[in-house]
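This report refers to the structure that appears directly beneath it.
The values are calculated or read from the model by the stated rules, or taken from the named source; none is laboratory data. This structure is a prediction, so every number in the text was calculated from the model and none was measured. Ideal geometry is used to build each Cβ from the backbone, glycine not excepted, and the neighbour counts take in all protein chains shown.
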Protein chains: 4
Amino acid sequence: MAHPGDVSALAALLDRGALAAGTIRAVIGKTEGNGGLNDFTRGYFAQSLLHLLACATDEAAEALAARIPCMLSGGTEGVLSPHYMVFAAEPGEGPEGLAIGTAFGPPVAPGDVGNDAQIARVAEATRAAMADAGIDDPGAVALVQVKSPAGGPGLLLRSVAAGAMGAALALGDVPAGAAREAALLADLSLFSSRVSASAGVEVARDEVVVLGTARGWSPGLSIAVRPLADALDLAAVQSAFRAAGLAADPDVPPGQRARIRAVLAKGEPDRSLLVRGQRHTMLGDTDLDAQRHLRGALGAVIASVAGDGRVFVSGGAAHQGPPGGGLVAVIAAGSGEEA
Amino acid sequence: MAHPGDVSALAALLDRGALAAGTIRAVIGKTEGNGGLNDFTRGYFAQSLLHLLACATDEAAEALAARIPCMLSGGTEGVLSPHYMVFAAEPGEGPEGLAIGTAFGPPVAPGDVGNDAQIARVAEATRAAMADAGIDDPGAVALVQVKSPAGGPGLLLRSVAAGAMGAALALGDVPAGAAREAALLADLSLFSSRVSASAGVEVARDEVVVLGTARGWSPGLSIAVRPLADALDLAAVQSAFRAAGLAADPDVPPGQRARIRAVLAKGEPDRSLLVRGQRHTMLGDTDLDAQRHLRGALGAVIASVAGDGRVFVSGGAAHQGPPGGGLVAVIAAGSGEEA
Amino acid sequence: MAHPGDVSALAALLDRGALAAGTIRAVIGKTEGNGGLNDFTRGYFAQSLLHLLACATDEAAEALAARIPCMLSGGTEGVLSPHYMVFAAEPGEGPEGLAIGTAFGPPVAPGDVGNDAQIARVAEATRAAMADAGIDDPGAVALVQVKSPAGGPGLLLRSVAAGAMGAALALGDVPAGAAREAALLADLSLFSSRVSASAGVEVARDEVVVLGTARGWSPGLSIAVRPLADALDLAAVQSAFRAAGLAADPDVPPGQRARIRAVLAKGEPDRSLLVRGQRHTMLGDTDLDAQRHLRGALGAVIASVAGDGRVFVSGGAAHQGPPGGGLVAVIAAGSGEEA
Amino acid sequence: MAHPGDVSALAALLDRGALAAGTIRAVIGKTEGNGGLNDFTRGYFAQSLLHLLACATDEAAEALAARIPCMLSGGTEGVLSPHYMVFAAEPGEGPEGLAIGTAFGPPVAPGDVGNDAQIARVAEATRAAMADAGIDDPGAVALVQVKSPAGGPGLLLRSVAAGAMGAALALGDVPAGAAREAALLADLSLFSSRVSASAGVEVARDEVVVLGTARGWSPGLSIAVRPLADALDLAAVQSAFRAAGLAADPDVPPGQRARIRAVLAKGEPDRSLLVRGQRHTMLGDTDLDAQRHLRGALGAVIASVAGDGRVFVSGGAAHQGPPGGGLVAVIAAGSGEEA
């Protein structure tokens, strides 16, 4: 991507027939804004993408937006590189493979985030996305990606937390009685290490993408997810790459890097104000947002193993992996297409 | 450090006699400012340190400032932790050990940086610091740390470059004919992988600290320095730690972390606008300084191996390590004291 | 505007027939980005605007972009409010009125800015825009608004300067022998107080809008332009409003505010590092871009007189008004339509 | 001030006997940090000031710090200029004049801010400062300046609010039953237009300075305070200057500017997200703190009237002047000394 409105790489794939527009089920990407309330790079990319797909499919942009989740995280601090991942697949008769399912919740009234209603909405959408993927058993889910409306000033991180809690509830990783509004951003012992949530001003409904294993999907693509104990958890990062079938000694060797299809991670500035016992300054910097600090740091650790800056790293990881840590997911080799 | 004026940890060491103030030869530290022209955390720390040492030694603060280099880099982005390293040593009759030498150049007129005069001044000071350490052979020098005046708006990076070039010239890593003003920030093929330079508004003279091997210094401390090919060079970081006698598989194990005495690094946002072929956004971000981006990223990669955020990472690495890369130095075990 | 992609106010005007899309000659606006190289709010707005106009006119977006200058300045610091001004007019048989003319230069090769070629291109385009407006006498020109390609890292302000110099040359405000590349950003005694220039990554050609007086345009709209001696020049701001027919004692009274059609200004952080003899910190702030500082300050002074935050204030005023100052233009009452 | 540690102007006054160190009762200043939690320019200045005064008075720095309020606001955005005002006076037998009284509260436990205890502490300190000034009648108080501990991440604005509420309570501007913790930052209809409060990490106790009219102080200095309806309230700013005996038509004429002794103001980004009906972007900018936005804008409006950038403008004006507005105070001519 040359800029947030640049979808020329996907346009080229569609033009030369390497990808059928109708098979696109989700797009996940990282744009070069600040990742906050006034990050409009996500809306710009989404508008560009929908315009392209509307031309390619003859569907209205509104219809596409209601069918294809476009989940964008702003902020490519440090070595991170703007990029987007296009998930295209057609379920069929095949054996077990990497399944993808999507679902949208109902339109959300302004401010109706960060509460029990959002938790319930996202849990419901997660179950719908599992069904869409053909996954019955929550144990077969590898990763749930959630995007929710930002809800206005002061609500962004609450919306992320509620989205995470809702998906964790649907997976059974957090008990129903505990997945409550009062616990959001408060009880960080409640978490799922396979949920990645975010929020933004550019979406009006909760959107969910479920990745996991099910019959009827083309084989050849594997996904591995690992919790991160903290932002320095190099061993866990390596473990995720290895579990996805790649060497990581210490990094993925050049010859294997083309097999990486997607790397997604969540992380969080440790609220104890310490990382491994030493004071960090992420949460008290008036000039530089804490999540920008975090993405730059965690993103670099992961990119140093991947050997590639195209890592989707998103901050605001409350209830997504252990407190002060987060999670990392690696998808390697197979049918997904990376632009 | 609780804040940039906090020297209580050193005060406690002096109070209980664990360290004799008179043996302090240099202080190198990382404060939590932005690392730029308007970063006053360095001046604040220096004033606090000198006040403490003046009380402890009965020397005037001005005399101490003219004798003890206090080299501070601002900016603890991401997982980096504010800290300072106190180099205290008394040369004696011993065998070979980690030697430290210091030197100061003459007062610098405002604006007289980034030119041939500064290159010559720093080369001369580097030779003086080598002599102070008892090192004759440039090959025995492991690392030269340089700090120069900032020189005013627009000159900061030129001053860093000239300081680096001067030290590289003294070491013989760059030929005399090439170490010229015209090459500064222009010919990045000229570099030394054992020079770390910076500049700041809080110093009025070029200051040099040389670390290397010589007879007459207490043994038991080792230093290893490695060039970094780029900001993702995880293998080189591990190599430096291993060469300093520490395991790094992938990170330094908890039981060995207390043996780390100092970790210093330089890095640079790659001017090609690419890292390993992918576009980075460090050099075109109006809201976030490129060096803040860089420190957060490279610092995290190194800290993930050290298992500790107390890493001295400084940006502006022109002529310090390969273009787009930099260098990392590790000092492990021994007599230095870290506050 | 609710966000940079929001053109709903214009869409409503078009929908209800209050404005004919075919009469739109230029759009000038202020979006809420950072105004720098990575400000994509301008591209986002332009894409949204062109999509709307393409639907309304059945012309291709590319054709519209080549016919209607869309000049956007990012950065609504402080009290500034995101807004856009639509200039729509049809020349006819009428008496003298506020004339508008537009012109585009040829496509610009990357990096071909900040040089003699750009000065010549913009001078030529300015003459073409004057002709388009039916203005023969440069003395009848009130304001020239220029937008040029950004040209890449480090070139943005040079491109602004060359655009300004080119227009100043065409107006005869700077002599031909002096309007040279070597003078850009260097000889600030060369300036026009009726040229406002900017640059951005979102345009690929120099674009010029000329406003002035000529026969054949609808009367009833007046424009006044005043140089600003510095960023505190309150008296000059009031003078511009008064010359445009509005009271300003000290501010435009509420009953007259609806008559304001457009307020445009340029300003510059004084390079002497002083404003009226006192040190300012705009040019040495690593965390906050100097132009963001400037826009927030100058914009507030002007808005306090206008009684309205919808002021187009753009930084980088070299060669546009006196050094350390700039200019302000007020258009009041009449046929222009403000969204 | 050349930098936040620069007290050379005051040192010169003391050296040449123009000011007796023993008569200094308070220092109020503006340093060039970001004004937030990690603004250490305030601590740096305070350390430098105390060191100077300790040398000049032979009192210990700790004793001076417990006797002389040093109230600093960080952030000199836009045209604002770093400066400090030294309030020196000796009460005597004279007629009515500008009185100054100071008081300190007890040491504050970490986090014990933003609550009823702080409101009570500051009210008590305000009464003590009134007594110190010899002011019995709250109606004779022109301005109360409060500084409180920051209290840690997330508490800064609560601490400011509680300091303001405490002083407003002591003045009788807010009724006792209403000045409660629950109203802080919530019920903005509770305010005093003659209280200016701030908070910072560099103070450990609530500090209060009262300015007003009482017998026994040297005459010749006048103070005027006006509420600001919003950040564009140019008329109110002019009114304050005029009430202090200065012309302001529109600005203070050059010949009168030397009579300005101090200009202090508070302001607040309007929580309605609108200024005079137009959307502002101060409260949703992830890259630029809302208070930095505000200070740059309001400071420029005031400085454009003063004709001087040495204006003390502080954000976080909840309960200080009308909601979305604030207040401005002008001290003109007389015995105070401005460095």
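Suppose we keep only residues that are in a strand (DSSP E or B) and among the polar types (S, T, N, Q) within the range A:112-158. Which one would you say is farthest from A:K30 (Cα to Cα)?
Checked the range A:112-158; the qualifying residue farthest from A:K30 (Cα to Cα) is A:S148.
Failed condition for A:I223, given (1) more than 18 Å from the chain's Cα centre (by Cα); (2) β-branched (V, I, T); (3) more than 8 Å from every other protein chain (Cβ to nearest Cβ), with all others met?
Evaluating A:I223 over (1) more than 18 Å from the chain's Cα centre (by Cα); (2) β-branched (V, I, T); (3) more than 8 Å from every other protein chain (Cβ to nearest Cβ) leaves (1) as the failure.
Suppose we filter the range C:243-262 for residues that are within 13 Å of another protein chain (Cβ to nearest Cβ) and either under 21 Å from D:G307 (Cα atoms) or not in a helix (DSSP H, G or I) (or both); how many remain?
The number of residues fulfilling the criteria is 8.
C:D137: buried (at least 24 other Cβ atoms within 10 Å of the Cβ) and outside the structural domain of C:G315 (by TED's automatic domain parsing), yes or no?
Working: buried (at least 24 other Cβ atoms within 10 Å of the Cβ): no; outside the structural domain of C:G315 (by TED's automatic domain parsing): yes.
No; evaluated as a whole, the condition is false for this residue.
Identify all residues within the range C:79-127 that are of a type in the set (V, I, T) and over 16 Å from the mean Cα position of the chain (by Cα); write none if there are none.
Of everything in the range C:79-127, those that are of a type in the set (V, I, T) and over 16 Å from the mean Cα position of the chain (by Cα) turn out to be C:V79, C:V108, C:V113, C:I119.
Go through the residues of the range B:35-49 one by one and say whether even a single one is more than 13 Å from every other protein chain (Cβ to nearest Cβ) and of a type outside the set (F, W, Y).
Scanning the range B:35-49, I find no residue that is more than 13 Å from every other protein chain (Cβ to nearest Cβ) and of a type outside the set (F, W, Y), so the answer is no.
From the list C:A306, C:A317, C:A265, which residue is more than 24 Å from C:S148 (Cβ to Cβ), away from chain B (no Cβ under 14 Å) and of a type in the set (A, V, I, L, M)?
Among C:A306, C:A317, C:A265, only C:A306 is more than 24 Å from C:S148 (Cβ to Cβ), away from chain B (no Cβ under 14 Å) and of a type in the set (A, V, I, L, M).
So if I check each of C:G172, C:G152, which one is touching a Gly at 6+ places or on another chain (Cβ under 7 Å) and at positive phi?
On the way: C:G172 fails: touching a Gly at 6+ places or on another chain (Cβ under 7 Å).
So the residue among C:G172, C:G152 that is touching a Gly at 6+ places or on another chain (Cβ under 7 Å) and at positive phi is C:G152.
For the range A:263-279, which positions are surrounded by fewer than 21 Cβ atoms within 10 Å (Cβ to Cβ) and assigned to a loop (DSSP other than H, G, I, E, B)?
A:D270, A:R271, A:S272, A:L273, A:G277
Kindly evaluate D:D270 against the criterion of being within 14 Å of chain A (Cβ to nearest Cβ), in contact with a Ser or Thr (Cβ under 6 Å, 6 or more places away or on another chain) and not small (G, A, S). Steps first, please.
Working: within 14 Å of chain A (Cβ to nearest Cβ): yes; in contact with a Ser or Thr (Cβ under 6 Å, 6 or more places away or on another chain): no; not small (G, A, S): yes.
Against the criterion (within 14 Å of chain A (Cβ to nearest Cβ), in contact with a Ser or Thr (Cβ under 6 Å, 6 or more places away or on another chain) and not small (G, A, S)), D:D270 does not qualify.
Within the range A:192-202, can you find the residues that are under 28 Å from A:P175 (Cα atoms) and either modelled with pLDDT under 95 or more than 17 Å from the chain's Cα centre (by Cα) (or both)?
A:S198, A:A199, A:G200 - these are the residues of the range A:192-202 that are under 28 Å from A:P175 (Cα atoms) and either modelled with pLDDT under 95 or more than 17 Å from the chain's Cα centre (by Cα) (or both).
State whether the residues of the range C:72-90 include one that is without any contact (Cβ under 8 Å) to a residue 12 or more places away in the chain and more than 25 Å from A:D6 (Cα to Cα).
Checking the range C:72-90: not a single residue is without any contact (Cβ under 8 Å) to a residue 12 or more places away in the chain and more than 25 Å from A:D6 (Cα to Cα).
Looking at the structure I just gave you, is C:L228 closer than 27 Å to C:L185 by Cβ, more than 8 Å from every other protein chain (Cβ to nearest Cβ), surrounded by fewer than 24 Cβ atoms within 10 Å (Cβ to Cβ) and not aromatic (F, W, Y)?
No, not satisfied.
On the given criteria, is D:D116 surrounded by fewer than 24 Cβ atoms within 10 Å (Cβ to Cβ), modelled with pLDDT of 95 or more, closer than 13 Å to D:G212 by Cα and not aliphatic (A, V, I, L, M)?
Numbers: surrounded by fewer than 24 Cβ atoms within 10 Å (Cβ to Cβ): yes; modelled with pLDDT of 95 or more: yes; closer than 13 Å to D:G212 by Cα: no; not aliphatic (A, V, I, L, M): yes.
Spelling it out, it is not the case that D:D116 is surrounded by fewer than 24 Cβ atoms within 10 Å (Cβ to Cβ), modelled with pLDDT of 95 or more, closer than 13 Å to D:G212 by Cα and not aliphatic (A, V, I, L, M).
Exactly one of these conditions fails for B:L211: (1) out of contact with any Gly (no Cβ under 6 Å at 6 or more places or on another chain); (2) closer than 25 Å to B:G36 by Cβ; (3) crowded, with 24+ Cβ neighbours inside 10 Å. Give me its number.
(2)
Here are some residues: B:P110, B:P106, B:P91, B:P4. Which one is out of contact with any His (no Cβ under 9 Å at 6 or more places or on another chain) and within 14 Å of chain C (Cβ to nearest Cβ)?
B:P110
What is the one condition in (1) in contact (Cβ under 8 Å) with a residue 24 or more places away in the chain; (2) over 14 Å from the mean Cα position of the chain (by Cα); (3) assigned to a helix (DSSP H, G or I) that A:S189 does not satisfy?
Every listed condition holds for A:S189 apart from (3).
Going residue by residue through the range B:280-288, is there one that turns out to be in contact with a strand residue (DSSP E or B) (Cβ under 8 Å, 6 or more places away or on another chain), within 14 Å of chain C (Cβ to nearest Cβ), free of Cβ contacts under 8 Å to residues at least 40 places away in the same chain and outside any helix (DSSP H, G or I)? Spell out the reasoning first.
As a first pass, look at the range B:280-288 and keep what is in contact with a strand residue (DSSP E or B) (Cβ under 8 Å, 6 or more places away or on another chain): B:280.
Next cut, within 14 Å of chain C (Cβ to nearest Cβ) only: B:280.
Right, trim to free of Cβ contacts under 8 Å to residues at least 40 places away in the same chain and you get B:280.
Then drop every residue that is not outside any helix (DSSP H, G or I), which leaves B:280.
For the range B:280-288, residues in contact with a strand residue (DSSP E or B) (Cβ under 8 Å, 6 or more places away or on another chain), within 14 Å of chain C (Cβ to nearest Cβ), free of Cβ contacts under 8 Å to residues at least 40 places away in the same chain and outside any helix (DSSP H, G or I): present.
Mind listing just one residue for me: the one in the range B:61-84 that is within 14 Å of chain A (Cβ to nearest Cβ) and of a type in the set (A, V, I, L, M, F, W, C) and, of those, farthest from B:A265 (Cα to Cα)?
B:V79
Going through C:A46, C:A89, C:A12 one at a time, which residue ends up being aliphatic (A, V, I, L, M) and closer than 30 Å to C:L288 by Cα?
One residue alone meets the criteria, C:A46.
Report yes if C:L246 is touching a helix residue (DSSP H, G or I) at 6+ places or on another chain (Cβ under 6 Å) and not assigned by TED's automatic domain parsing to the domain that holds C:L64, otherwise no.
So C:L246 passes the test.
Only residues that are surrounded by fewer than 24 Cβ atoms within 10 Å (Cβ to Cβ) and part of a helix (DSSP H, G or I): list them for the range A:159-186, please.
A:L171, A:E181, A:A182, A:A183
(1) within 19 Å of the chain's Cα centre (by Cα); (2) surrounded by 24 or more Cβ atoms within 10 Å (Cβ to Cβ); (3) outside any loop (DSSP other than H, G, I, E, B): which one isn't true of C:G309, the others all being true?
Among (1) within 19 Å of the chain's Cα centre (by Cα); (2) surrounded by 24 or more Cβ atoms within 10 Å (Cβ to Cβ); (3) outside any loop (DSSP other than H, G, I, E, B), the lone unmet condition for C:G309 is (3).
In the set D:A317, D:A300, D:A329, which member is on the phi < 0 side of the Ramachandran plot, small (G, A, S) and part of a helix (DSSP H, G or I)?
D:A300
Could you tell me which of the residues C:A21, C:A66, C:A26 is in contact (Cβ under 8 Å) with a residue 12 or more places away in the chain, among the hydrophobic types (A, V, I, L, M, F, W, C) and surrounded by fewer than 17 Cβ atoms within 10 Å (Cβ to Cβ)? Reasoning before the result, please.
Values: C:A21 fails: surrounded by fewer than 17 Cβ atoms within 10 Å (Cβ to Cβ); C:A26 fails: surrounded by fewer than 17 Cβ atoms within 10 Å (Cβ to Cβ).
On inspection, the qualifying residue turns out to be C:A66.
Which members of the range A:29-63 meet the condition of being among the hydroxyl-bearing types (S, T, Y) and surrounded by fewer than 24 Cβ atoms within 10 Å (Cβ to Cβ)? Steps first, please.
As a first pass, look at the range A:29-63 and keep what is among the hydroxyl-bearing types (S, T, Y): A:31, A:41, A:44, A:48, A:57.
The answer is A:S48, A:T57.
So, in the range A:246-267, exactly how many residues are touching a strand residue (DSSP E or B) at 6+ places or on another chain (Cβ under 6 Å) and free of Cβ contacts under 8 Å to residues at least 60 places away in the same chain?
Matching residues across the range A:246-267 total 1.
When the residues of the range B:71-108 are filtered to those that are assigned to a strand (DSSP E or B) and of a type in the set (S, T, Y), which remaining residue is surrounded by the fewest Cβ atoms within 10 Å (Cβ to Cβ)?
First pass over the range B:71-108, keeping only residues assigned to a strand (DSSP E or B): B:71-74, B:83-88, B:96-107.
Imposing the further condition that a residue be of a type in the set (S, T, Y) reduces the set to B:73, B:84, B:102.
Working: B:S73: 27, B:Y84: 24, B:T102: 20.
This residue is B:T102.
Looking at the range C:208-240 only, could you name the residues that are part of a loop (DSSP other than H, G, I, E, B) and either at pLDDT 95 or above or hydrophobic (A, V, I, L, M, F, W, C) (or both)? Walk me through it before giving the result.
Step one: filter the range C:208-240 for residues part of a loop (DSSP other than H, G, I, E, B), giving C:216-221, C:229-233.
If the condition is that a residue be part of a loop (DSSP other than H, G, I, E, B) and either at pLDDT 95 or above or hydrophobic (A, V, I, L, M, F, W, C) (or both), then C:W217, C:L221, C:A229, C:D230, C:A231, C:L232, C:D233 are the ones that fit.
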